[in-house]
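Okay, so here's the structure we're looking at.
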Amino acid sequence: MGRYLLRRLLQLVPVFIGTTFLIYWLVWAVPGDPFAGKCGERRCPDQYIAFMTEKYHLDQNVFVQYANYMKNLLQGDFGQTFSQREISDIILTSYPNTLKLAVVALAIEAIIGLGAGVLSGLRRNGFLDNLVLVSTLFLIALPVFVVGFVLQWLLGVQWGIIKPTVSSEMRWSELIVPGFVLGSASVAYIARVARTSIAENRRADYVRTAIAKGLPMRRVVGVHLLRNSLIPVVTLLGTDLGALMGGAIVTEGIFGINGIGRQVFRAIITKESATVVGIVVVLVLVYLVMNLLVDLLYAALDPRIRYE
Amino acid sequence: MRVSKRATSAIALSAAAALVASGCSSGGDGDTAASTDGSIVVHGVQPENPLVPSNTTETGGGKIIDWMWTGLVEYPNDGGAPRNALAESINTTDSKVFTIKIKAGTKFHDGTEVKAKNFVDAWNWAAYSPNGAQNGTFFADIAGFDQTYTTDPDGADGPKKAPTPTADKMSGLKVIDDQTFEVTLAAPTAVFPTKLGYSAFMPLPDVFFTMKPEEFGKTKPIGNGPVKFVSWEDNSLIKLTRFDDYNLRDKMKVKDVDVKLYQDDNAAYADLLANNLDFMEVVPTSALAGDKWKTDLGDRGRSTVTPSTAFIAFPIYDKRFANPKLRRAVSLAVNRQEISDKIFFGTRKPADSWANPLTPGAKPGNCTACKFDPATAKTLLAEAGGFTGEMVFYYNADSAHKDWMDAVAQQVKTNLNINARAEGVPTFAVFRQNINAHKMTGPYRAAWQQDYPDVENWVNPLFVTNGSSNDGLYSNTEVDALAKQASGAPSLEASHEAFAKAVEKVDQDVPSIPVYFYGQQSGHSEKIKKLELNNVGEIDITSVEL
Amino acid sequence: MSDPSTASIVSTPGAHPTDSAAPATAGQPQSNEKPRGLLGDAWRDLRRKPLFWISATLIVIFLLMAAFPALFAPGDAVNGSLSRSLDKPSANGWFGYDVQGRDVYARVIYGARASIVVAVLSVLGTLLIGGTMGIISGYRGGWVDALLSRIADVFFGLPFVLGAIVILTTFNGSGAGNSKAQIMGLVTASLIVLSWPVVMRLMRSSVLATKEADYIVAARALGAGTGRIILKHLLPNCLAPLLVYGTIMVGSFIGAEATLSFLGVGLKSPVVSWGIMISDGQNFVRVAPGLVFFPAAFLVTAVLSFVMLGESVREALDPKLR
């Protein structure tokens, strides 16, 4: 186990370099001159472009640029945006916001998804099962911007139950609705997985035994069934955290949350490689660590899976 | 038909009066007398650059710069001719040498006095090309600019670097005493005093020259306007407060201004309706649809017009668009009234002149190609020899142009039987890059908002050979000659007269087609009792009363 | 753009097959000794399910719609007239008209083609590539697993919007003059490139959980070749989570296609798709909710049919549920 862990940790290094280079190269390859649109309908003065090009070493080839970037990064320097703002500042202010939102979304996803999954898994093909299926699918099929816009409009403006946007203090209570919007698409996945898992275990010997013993149904479900069915759901939730953080662009926009999604998107279209990589680097680390944890978890939970 | 800004202001005032009356019933805090210590939250977007006037070309930062600085001249809210602000007098006899005298005893936010040398130093800084100021070329009129501002011999992308300038100060600028300086232009330019209200020409305090520009612009920008900078939290909030020593015009009547930086207009609009936001300059498209904003906002909404025009420009360098008859045919096939009514719900006016009619010196209704006349259009197209292939109308997909560009393409398709469609280019940067490189293969959208209120700004950059925004490479020697004569005219009246003649020539060639004049629908909270908008539709922060 | 990614849905431990639950065929689930074979069994099972017939019928209708839209809607889906802009539903235009004065009914029908073709092809491609990689890395293990998994990690870390913008602006920028089919191919390709790691991890974890199972060990002991073990034993037992995921993925891919169109890098007019319609209609939600509602309703119905079909096929295929 120790050797396996060590090997996996060593493997993180090439993945980390591969991912950051791929991203750096992709942003570099986005067509368009970063300064062509900076001056509105008027062409920017050549001198301004030359000044910026030199400042950000944009005249070098992509390998040199990447090497420079990594060298600075290892010394803790994330670099500057084209607006001459420290990227580390952006990361420090926007990451906590996105993380908070993603955690709320995850909690909502877990509660609703699991609840719906258990209900429908226990009564397969019943009315509830179908209702859950249709309603969660409806959330998947509707684009996030529609769900977000409609909820914000009804709850925030028409009925005045919530504030339409989230204040800069990011109170937890303000994040419930945005969290729901962000998590809505994943609810269906959680519900489906939980349902399948419950349905399978429902027929397992130990559940039949428990029922045969005359245990009350609540205890059978709560202790025997749920605990054994939770494993796939938990692993799914674990890796979803990264996806939620990376996928919050639309939700953050609708509810005025100063998160990373907006920053990444803006940086992509303005070709700010350093900003994109800087933000994504942290995301990649989250992914990698989560993946590693999940893989270790398999072995720990299921003796049939072995890593040599 | 000239749309009067005055008329809309009057409506706004009466709406404000109504608000005072209804303010009591809503149980507002305090009395109806104007409060002098309140604070307001206004809508904003993250400025792209640190707040340095000569390095700001976009509206997010431009708005805050306009509040924080007061220039030599200012443009009145009603869109009329510019008047002196910080300038005591601007004198010239030949439109070439200007003697500028500034008012004594005005201060920067750090307490130092605004002197003539603050202008001269600021202009020299921006015009010195190694500083890379975005607005550097605004000083091209001034004598000696060619020594401080060198251009790259093979363009910005080429391997060669621009030579270092031979001078770091323009020879045309001379400080005479603390309150006076003299500007010598390279050639007579009647419109020069008008330009002086643009943000590139603002003065900078001495402390600016002792620090890095980005440090100045990010952490402690110091201006001389009615509003003082407090703090800037990226993508979230810019805090501003009243500058109590301001003595040029009215001080701000409220104490604090928070500029909340939004990413999404719909979010800001929802905040506005919920009274979390006190002012939003432009309500989002989703609120314009079906005139919802009128019912949403009632008295709190207002509609105004801004001196900007949306065009569709032709790539004249593409042989297929070289024939003026074809271009006129396309223009005549566009039903601007219908687009205004159906796509914009009447909030944008169909364009019928080349320069925006709000601009001093512009002649209303002088675009004969702006009529809707499908029959003539068909005839002209036939005379031009038809159009083969697909006519693609391009726009940048990162802002809301799809609906009207689709409509234009559809009308051309229906009325001319040309295989036309509209296509979005993903980002403004790619879009502009193609335009700059003269690689467009179809008509494309363009918009022009004047930098300073004079018809000159609608002709020289757009229609003169090698004009700074003449991206379609339109060239007509007659237009060039008339525009040159107009620019060097001894008086503004003579200049306007000559520009009108140049525009008549442009009208024959249809190098681009004006489609609509921009309008602006704004909204404010119940808290605000009175406010005015300035000549380009931004909130006049000193007019706000609670 | 949220691209909900599932990393792993492991079949839970202890879920050993039992013979009491399912009504029909009792006995051992490892059915390769049976005369009829797995697929024959599944088909017998399927024929009796109303859910299967309903979903299959709907899918056939949608496929017909995609192939021959003119059968369903006589109207013009591409050309509009502003004089009809935002008209309410009427005898002429059953679903009303959009802001450009185009017939919403005709557009919804014609939109089926691009939406379904792109989504289904992307899902198939993703399942094929991701599934193959997953089986290989799960079954072989060792350095092959390490290499493939790390490659997947690299792609996994790529934000969806970034990847899509780059791929599509590079190959599908304005003026590239791509035909409709090429654009659809590019959108499909970029969806596959950005989604396969999810399926790969899913498949890999399934294979990991299954490959130590008694019946696999038994088959190996009996001298079955690798190919036979994978195709006859592993695949049927690992397909279930993939099918579930894949059918739901059809829905999110239709949405992803909408986002790409919205960003100006995806499908372009005159191609009509439900995604384009929804993103075009969003500004008019308050005035003409039908512009979003009708394409969304078709989209949900299509997704539902795929999920229901996937569900019934899965139940029929899954030996544990017999």
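The values are calculated or read from the model by the stated rules, or taken from the named source; none is laboratory data. Please read all numbers here as calculations on a predicted model, not as lab measurements. Here Cβ is always computed from backbone atoms with ideal geometry, including for glycine, and neighbour counts include all displayed protein chains. In case anyone asks, the SASA skips ligands and DNA or RNA and just uses the protein heavy atoms, side chains included. Shrake-Rupley method; radii C 1.70, N 1.55, O 1.52, S 1.80 Å.
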Looking at segment B:369-403, which of its residues are open to solvent by 50 Å² or more (accessible area, probe 1.4 Å) and touching a Lys or Arg at 6+ places or on another chain (Cβ under 6 Å)? B:GLU383
Which ones in segment B:205-233 are in a helix (DSSP H, G or I) and among the basic types (Lys, Arg)? B:LYS218
Which members of segment C:268-283 meet the condition of being more than 20 Å from C:LEU86 (Cβ to Cβ) and surrounded by 24 or more Cβ atoms within 10 Å (Cβ to Cβ)? C:SER273, C:GLY275
Every residue in segment A:200-236 that is in contact with a Leu (Cβ under 6 Å, 6 or more places away or on another chain) and under 30 Å from A:PRO178 (Cα atoms), please. A:ILE231
Picking from C:SER195, C:SER190, C:SER261, which residue would you name as being within 14 Å of chain B (Cβ to nearest Cβ) and either under 15 Å from the mean Cα position of the chain (by Cα) or more than 30 Å from A:VAL144 (Cβ to Cβ) (or both)? C:SER190
Could you please let me know if A:PHE180 is open to solvent by 30 Å² or more (accessible area, probe 1.4 Å), assigned to a helix (DSSP H, G or I), among the aromatic types (Phe, Trp, Tyr) and at negative phi? yes
Is at least one residue of segment B:234-255 in contact (Cβ under 8 Å) with a residue 60 or more places away in the chain, open to solvent by less than 10 Å² (accessible area, probe 1.4 Å) and part of a helix (DSSP H, G or I)? no
Filter result (touching a Leu at 6+ places or on another chain (Cβ under 8 Å) and open to solvent by less than 50 Å² (accessible area, probe 1.4 Å)) within segment B:256-271: B:VAL257, B:ASP258, B:VAL259, B:LYS260, B:LEU261, B:ALA268, B:ASP271
Taking the options B:ASP341, B:ASP352, name whichever one is touching a Cys at 6+ places or on another chain (Cβ under 7 Å) and either surrounded by fewer than 22 Cβ atoms within 10 Å (Cβ to Cβ) or more than 13 Å from every other protein chain (Cβ to nearest Cβ) (or both). B:ASP352
Considering each of C:LEU124, C:LEU147 in turn, give the residue that is more than 29 Å from C:PHE284 (Cβ to Cβ), outside any loop (DSSP other than H, G, I, E, B), at pLDDT 85 or above and under 21 Å from the mean Cα position of the chain (by Cα). C:LEU124
If you check C:MET249 against the conditions, is it farther than 17 Å from C:VAL120 by Cβ and not basic (Lys, Arg)? no
Is there a residue in segment A:108-130 that is surrounded by fewer than 18 Cβ atoms within 10 Å (Cβ to Cβ) and over 30 Å from A:VAL207 (Cβ atoms)? no
Pick from segment A:194-239 the residues that are hydroxyl-bearing (Ser, Thr, Tyr) and within 10 Å of chain C (Cβ to nearest Cβ): which of them is nearest to A:LEU106 (Cα to Cα)? A:THR239
Pick from segment C:64-118, criterion within 14 Å of chain B (Cβ to nearest Cβ) and of a type in the set (Val, Ile, Thr), ranking: farthest from C:VAL271 (Cα to Cα): C:VAL99
Take C:PHE95 and tell me if it is under 29 Å from the mean Cα position of the chain (by Cα), in a helix (DSSP H, G or I) and in contact (Cβ under 8 Å) with a residue 40 or more places away in the chain. no
Can we say B:ASN436 is of a type outside the set (Asp, Glu) and within 11 Å of chain A (Cβ to nearest Cβ)? yes
Give the residues of segment A:156-176 that are in contact with a helix residue (DSSP H, G or I) (Cβ under 6 Å, 6 or more places away or on another chain) and not polar (S, T, N, Q), sorted by residue number. A:GLY156, A:VAL157, A:ILE161, A:ILE162, A:PRO164, A:VAL166, A:MET170, A:LEU175
Anything in segment B:100-120 that is open to solvent by 50 Å² or more (accessible area, probe 1.4 Å) and either outside any loop (DSSP other than H, G, I, E, B) or not hydrophobic (A, V, I, L, M, F, W, C) (or both)? List them, or say none. B:LYS101, B:LYS103, B:LYS107, B:ASP110, B:THR112, B:GLU113, B:LYS115, B:LYS117
Pairs only if they're at least six apart or on different chains, beta carbon under 6 angstrom, first in segment C:270-289 and more than 19 Å from C:VAL118 (Cβ to Cβ), second of a type in the set (Ser, Thr, Tyr) and open to solvent by less than 40 Å² (accessible area, probe 1.4 Å); list them, first residue then second. C:ASN283/B:SER286
Quick one: count up the residues across segment B:424-444 that are crowded, with 22+ Cβ neighbours inside 10 Å and closer than 22 Å to B:ILE316 by Cβ. 10
At least 3 residues that are within 20 Å of C:PHE156 (Cβ to Cβ) and not aliphatic (A, V, I, L, M) in each: list the helices (runs of 4 or more DSSP H) lying fully within segment C:175-268 that qualify. C:180-211, C:235-263
Given the criterion assigned to a helix (DSSP H, G or I), crowded, with 24+ Cβ neighbours inside 10 Å, at negative phi and at pLDDT below 85, identify the matching residue among A:VAL193, A:VAL223, A:VAL207. A:VAL193
If you go through segment B:512-546 one residue at a time, how many are open to solvent by 10 Å² or more (accessible area, probe 1.4 Å) and in a loop (DSSP other than H, G, I, E, B)? 8
Exactly one of B:ALA268, B:ALA329 is part of a helix (DSSP H, G or I), touching a residue at least 24 places away in the same chain (Cβ under 8 Å) and within 11 Å of chain A (Cβ to nearest Cβ), and that residue is B:ALA268
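Here is a yes/no grid of residues against (1) outside the structural domain of B:THR368 (by the TED database); (2) among the β-branched types (Val, Ile, Thr):
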position: B:SER468; (1), (2): no, no
position: B:VAL479; (1), (2): no, yes
position: B:ALA483; (1), (2): no, no
position: B:LYS501; (1), (2): no, no
position: B:VAL510; (1), (2): no, yes
position: B:VAL515; (1), (2): no, yes
position: B:ASN535; (1), (2): yes, no
Suppose the filter is open to solvent by 30 Å² or more (accessible area, probe 1.4 Å) and of a type outside the set (A, V, I, L, M); does B:ASP406 pass it? no
Taking A:ILE254 as meeting all but one of (1) on the phi < 0 side of the Ramachandran plot; (2) open to solvent by 10 Å² or more (accessible area, probe 1.4 Å); (3) at pLDDT below 80, write down the number of the exception. (3)
Scan segment A:68-84 for residues that are part of a helix (DSSP H, G or I) and polar (S, T, N, Q) and jot them down. A:ASN68, A:ASN72
Please verify whether B:PRO50 is modelled with pLDDT of 85 or more, part of a loop (DSSP other than H, G, I, E, B) and crowded, with 18+ Cβ neighbours inside 10 Å, treating the condition exactly as stated. yes
